[in-house]
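> Got a structure for you, questions after.
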Amino acid sequence: MTILKTYARLWTDDLDRALPLLEELTGEQPHLRLAFHEITLAAIGNFLVIGGPVEERARYGHASATVVVDDLDALRATLESADATITTPATSGPTGRFLHARHADGAEIEYVEWIPELVGRIIHA
């Protein structure tokens, strides 16, 4: 199992208002943008910007980072052998599969295994 990319999570009331500064800071345009339930997400540089109503964002606020891996099943085995707790089991989403885990030290992370198209376009570009 390999970590392909790690995103710091940024929370915003207005995704469109947040992006221009991040575009200037990173020198990049968003490489991923989508809606998921009642929130909107944009990935730019090493930031995952999460926008939408506060009450909806709160549903995802427990994870401190989003980590893209190449094999979610191998990751789950590694996490379990390290006494991590899977708090959201592997679930399909718009970018592939994801799970949430609480590490033995209390850190909570969202792990994602992207669909091959995204890995090719974003990681191996």
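The values are calculated or read from the model by the stated rules, or taken from the named source; none is laboratory data. What you see is a predicted model, and the numbers here were worked out from it, not measured in a lab. Counting neighbours? That spans all protein chains shown, and the Cβs are built from the backbone with ideal geometry, glycine included. We work out accessible area using only protein heavy atoms, side chains counted, and drop any ligands, DNA or RNA first. Shrake-Rupley method; radii C 1.70, N 1.55, O 1.52, S 1.80 Å.
> Going from the alpha-carbon gyration tensor of segment 15-67, what semi-axes, largest first and in whole Å, does one get by taking the root of 5 times each eigenvalue?
Largest first, segment 15-67 gives 20, 12, 10 Å.
> Let me ask something else. Which FRET efficiency value, to the nearest 0.05, is calculated for Glu55 and His103 with the Förster distance at 30 angstrom and r the Cβ-Cβ distance?
The calculated FRET efficiency here is 0.65.
> Express the accessible area of segment 19-76 per residue in Å², computed with a 1.4 Å probe while the remaining protein chains stay in the model.
On a per-residue basis, 50 Å².
> Springs between alpha-carbon pairs under 10 angstrom, Gaussian network model over the chain: which of Arg76, Arg97, Arg17 fluctuates most?
Result for the chain, Cα springs under 10 Å: Arg17 fluctuates most.
> With a Förster radius of 41 Å, plug the Cβ-Cβ distance of Gln29 and Asp83 into 1/(1 + (r/R0)^6) and report the FRET value to the nearest 0.05.
Computed FRET efficiency for Gln29 and Asp83 comes out at 0.55.
> Kirkwood Rh over alpha-carbon pairs of segment 68-125, then Stokes-Einstein at 20 °C and 1.002 mPa s: what D in µm² s⁻¹, rounded to an integer?
Approximately 182 µm²/s, per Stokes-Einstein.
> Any idea what angle helix 15-26 forms with the longest principal axis of the chain, computed on alpha-carbon atoms, 0 to 90 degrees, nearest 10?
For 15-26 against the chain, the angle is about 90 degrees.
> Round to the nearest 10 and report in Å² the accessible area of His103, as given by a 1.4 Å probe over the protein chains' heavy atoms.
Approximately 50 Å² of His103 is accessible to the 1.4 Å probe.
> Right, here's the next one. Pull up the DSSP beta bridges for segment 4-113 and report the antiparallel fraction as a percent, rounded to 5.
That works out to approximately 75 percent antiparallel.
> Evaluated at 25 °C with a viscosity of 0.890 mPa s, what Stokes-Einstein diffusion coefficient in µm²/s does the chain have when Rh comes from the Kirkwood expression over alpha-carbon pairs?
Value of D from the Cα-based Kirkwood radius: 163 µm²/s.
> Expressed as a rounded percentage, what relative contact order does the chain have, with Cα pairs under 8 Å and six or more residues apart?
That works out to 24 percent.
> How much of the accessible area of segment 23-125, probe 1.4 Å, is carbon plus sulfur, in whole percent?
The C+S portion of the solvent-accessible surface of segment 23-125 is 52 percent.
> Considering only C-alpha atoms, what is the centroid distance from segment 9-72 to segment 74-109, in Å?
Cα centroid to Cα centroid, the span is 19 Å.
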